[in-house]
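Participant: Just dropping this structure here.
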Amino acid sequence: MSGAHVEPLMQSRVARPVAPKNWRHPTLLAIFIGIVAATTWSWLYLDMTLLTLFGGLSDLGNLLAYMFPPIWDNFPEALRATIETIWMALIGTTLAVTLSIPLAFLAARNTTPHPIVFAVARAVITLTRAIPTLVLAAVFSISLGIGPFPGIIALGLHSIGMIGKLFTEAIENTDYAPREAVLSTGTGKWQTILSTIVPQISPSCIGTALYRLDINLRESAVLGFVGAGGVGFLIQTELRGIDYQRAISAVSVIFVTITLIEIVSTRLRASIIGDHLSMPKKLNARSQARVARDQRLINTAISTRRLTPPWVYERVLRTTAAATFVALLIAALITIEMPLLSAYKYGDDLVRSIGRLFPPNFTFAREEIIVGMLETTAIGFTATLLGLVLAIPFGILSARNIIIRRAVVSAARGILLLIRGLPELIVAVLFVAAMGLGPVPGTLALSLGTATFMAKLIGDALEEVQESPREGVSATGASRVQEFFSAVVPQALPNLVSQTLYMLDVNLRSSTVLGIVGGGGIGFLLLGSIRVLDEATVGAIIITIFVLVYAIELLGSFVRWMVE
Amino acid sequence: MQVSLPTRNAVANGADPLISLVGVSKRFPNGTLALDNVDLNIPRGQLLSLIGLSGSGKSTLMRHLNGLHRPTAGKVTVMGVEVSSASNRQLRGVRRNIGFVFQQFGLVGRATCLENVLTGALGRLSGPRYGVWSYPKKLRSEAFDHLERVGLVNQAYQRADTLSGGQMQRVAIARSLMQQPQIMLADEPVASLDPESSAQVLDLLLRVAVEEQMTVIVTLHQVELALGWATRIVGLRDGRVVLDRDATTLKQEDAMEVYQRVDKNLAQPSNIAQPSNIATEPAPLALREK
């Protein structure tokens, strides 16, 4: 018996297996080297040094010093503008959801009526994602005028890119069994879809919509920079007028609002998406009473054969949420004075304002476009690198399964939440005010935004790793740090690589609009061309942005596909 | 061991068959031949059990009966409608009269049992529906009756994913009853259930089938279960009908032949390497007398 064991071991020493040559490795390596080279070039192109970074910090300190003591006399105005910002985000998100629902059914492989419809719907979703909200708002404000409408429509159209994509994925992930079963009872296609697919996707779709509402609130806070309504205009005016002591009131109102709404919507999302079956059964006295009450209601309904569902807790909650949403939406539509009845007229204006971008003129401002795009690309890469460096420690500290001390985790998460409370572009405005015009303040602002977002993604990726390999490694006597590197990191790495690429993609989009607040890149030229109504150049810039963003997105999905 | 099939023609010679398959073959896009020239006639009121290994074509055959699959060759006729070439509208009409119970139940987990049962009435209604309130009260009351019949009326307002497997399958049966079907197809209805629930579900299925005078086809893995209630047993192997007998005259060993043949092949790899051997054998189980 033992002899039989020795033999193959001896053989294996002679013919040691060579690592198989996978064609993917060279390609991935080339992409990796390309990204490193691009980042290095970006760093040099922007003249970034560690000295600039720390110099920036002291400038920021000076700015904060100028802001104190704050003068609160424009607080009512800041509050009014912030409420307008909330309404804009709400209407914009509702618009996007309304448009995304039919689009997603046409773009999902399992519900699309025809391959051509499928391709067109996918293209629309990708196209809307590639053009930043602020750019859309700036373009629409040419024909719709200054005010919240162009902002709302820009929010609505751009959000289709994300909402439509996630809705489509939700539809494609549904279980086929109920659909086949209901189809077998002799139903039509849309009857089947409404009865079997819609109930399956509704929690995740509501979650997506709430998440997008969070993002849109941040977006609409800066739409004022291009005159498209909301609190952004106030902030910009005050900072331009070097009225720092007043600027702080508007900044703090929007900061508090965004943070509060994020806390509420995170709670709400967890309770909607969290399937009650998978939730830990924390049967405290309150929920016990609730369960008992629900059971009583159900029993009465059944014994009296009530033909309408009883008002159990979940139903009450759902109905209250829906009613609150409708009430808020109506309030928003009334406050903003949305011209719903003459919407067709605005549609016409929109189509015309898009039409004026064609034919695009690449030659008039060729030099500026090239320089602007190079700077935009450089900002995107540098901000991703800096953000990643900041995000890694925070991400690890915020993972509950890695860090044992709950206090550390809560502190890390709290800091991230607070930094997220200020939209990137508002941070950029502050940095520009402190450090002067140029790509460096823009890059720093973007890095900070990247860091918070990326830290959350890293934290989530770490929390998703399986426990058994960790136990296995720990059982061999490895230290906690060793165990982290050999059991946690390899599991989370593919996810992290694709998230980093996604971040690069997001940052390139964001850096196209930094120039609007003087933070460097193509945005400056874009805003300038819009101001002088040089629409042919605007068209050229938008197409260039689209090509860049789309190329990076394709690269990202290619790498994701390769690392599986 | 030989299994002859004297009863088959006798059965087929009865009244005008409710279901008839003539030379039905199905080749999937990936090249698998799931059904190979199947002929089968099923008269009204028959309780038929379809047995065979996984992959023998049972589920595919069932899905041809209500047009979820269309044959590559041959003709499927159900209640006078040629399903294999029917229009969508005709197909919906046929499906309305066929209850279909699936191995995986096919319930919408997040919806209540009542709502799941109500979807069985969609074929009678026009337009999409969402939520209990969107169905007429009369149908809601009817759905209650069906839940009562399967013994789950207390779970009417409970989410379907809170039930056990056996309970879910009973809700699925209630949904089929909601269609008031003439034919009941059940594809491995008890394959994911424990023995006790299996017995309960099969019992229920048969009781309602007899009460409503439905024609029933059930596919099963377990021969004992099939022999217990069916009036006719049809065995499939590699997409071909290899056994078709009156259940009362069929011994369990005979039925097991449908399975054992494959085991023999596994034991003798040479048989697998030369499939022509099987074809040239004196075809003990092959039932097509040409």
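The values are calculated or read from the model by the stated rules, or taken from the named source; none is laboratory data. The structure displayed is predicted, hence computed values, not measured ones. Note: ideal-geometry Cβ built from the backbone for every residue, glycine included; neighbour counts use all protein chains shown. To get the accessible areas, we keep the full protein, side chains included, count just its heavy atoms, and leave off ligands, DNA and RNA. Shrake-Rupley method; radii C 1.70, N 1.55, O 1.52, S 1.80 Å.
Participant: Do you know which residues across segment A:106-116 are open to solvent by 50 Å² or more (accessible area, probe 1.4 Å) and in a helix (DSSP H, G or I)?
Facilitator: The answer is A:L106, A:P115, A:I116.
Participant: Another one. Restricting to segment A:186-198, name every residue that is free of Cβ contacts under 8 Å to residues at least 40 places away in the same chain and surrounded by 22 or more Cβ atoms within 10 Å (Cβ to Cβ).
Facilitator: Answer for segment A:186-198, where residues must be free of Cβ contacts under 8 Å to residues at least 40 places away in the same chain and surrounded by 22 or more Cβ atoms within 10 Å (Cβ to Cβ): A:G186, A:T187, A:Q191, A:T192, A:S195, A:T196.
Participant: Quick check on this structure: which one of A:R122, A:R129 is within 29 Å of A:R531 (Cβ to Cβ) and basic (K, R)?
Facilitator: A:R129
Participant: Same structure again: Output the number of the condition that A:I146 fails; it satisfies all remaining conditions of (1) open to solvent by 20 Å² or more (accessible area, probe 1.4 Å); (2) within 30 Å of A:M338 (Cα to Cα); (3) part of a helix (DSSP H, G or I).
Facilitator: (3)
Participant: Can you pull out every residue in segment B:121-143 that is touching a Leu at 6+ places or on another chain (Cβ under 7 Å), part of a helix (DSSP H, G or I) and surrounded by 15 or more Cβ atoms within 10 Å (Cβ to Cβ)?
Facilitator: Those that are touching a Leu at 6+ places or on another chain (Cβ under 7 Å), part of a helix (DSSP H, G or I) and surrounded by 15 or more Cβ atoms within 10 Å (Cβ to Cβ): B:A121, B:V132, B:L139, B:R140, B:A143.
Participant: A follow-up question, please. Which of the residues that make up segment B:144-158 are in a helix (DSSP H, G or I), open to solvent by 20 Å² or more (accessible area, probe 1.4 Å) and within 10 Å of chain A (Cβ to nearest Cβ)?
Facilitator: B:D145, B:E148, B:V153, B:N154, B:Q155
Participant: Got a number for residues in segment A:302-316 being touching a residue at least 12 places away in the same chain (Cβ under 8 Å) and either more than 9 Å from chain B (Cβ to nearest Cβ) or in a helix (DSSP H, G or I) (or both)?
Facilitator: 3
Participant: Please specify each residue of segment B:60-75 satisfying the condition of being crowded, with 19+ Cβ neighbours inside 10 Å and within 15 Å of the chain's Cα centre (by Cα).
Facilitator: The answer is B:T60, B:L61, B:M62, B:R63, B:H64, B:L65, B:N66, B:G67, B:H69.
Participant: Another question about this same structure. Would it be correct to say that A:P199 is within 14 Å of chain B (Cβ to nearest Cβ), within 20 Å of the chain's Cα centre (by Cα) and either in a helix (DSSP H, G or I) or of a type outside the set (A, V, I, L, M, F, W, C) (or both)?
Facilitator: no
Participant: If a residue counts only when it is under 24 Å from B:L152 (Cβ atoms) and open to solvent by less than 10 Å² (accessible area, probe 1.4 Å), which strands (runs of 3 or more DSSP E) contained entirely in segment B:183-257 have at least 3 such residues?
Facilitator: Output list reads B:183-187, B:215-220.
Participant: For the structure I just gave you, tell me whether A:P203 is without any contact (Cβ under 8 Å) to a residue 12 or more places away in the chain and outside the structural domain of A:L514 (by TED's automatic domain parsing).
Facilitator: So A:P203 does not fit the description; no.
Participant: Which one of the conditions (1) modelled with pLDDT of 90 or more; (2) crowded, with 17+ Cβ neighbours inside 10 Å; (3) assigned to a helix (DSSP H, G or I) does A:V256 fail to meet, given that it meets all the rest?
Facilitator: (2)
Participant: Now, a different point. Tell me yes or no: at least one residue of segment A:390-409 is of a type in the set (G, A, S) and open to solvent by 30 Å² or more (accessible area, probe 1.4 Å).
Facilitator: yes
Participant: Of the residues A:T537, A:T500, A:T512, which single one is in contact (Cβ under 8 Å) with a residue 24 or more places away in the chain, farther than 27 Å from A:G449 by Cα and of a type in the set (S, T, N, Q)?
Facilitator: A:T537
Participant: Which of the residues spanning segment A:173-185 are open to solvent by 10 Å² or more (accessible area, probe 1.4 Å) and in a loop (DSSP other than H, G, I, E, B)?
Facilitator: A:N173, A:T174, A:D175
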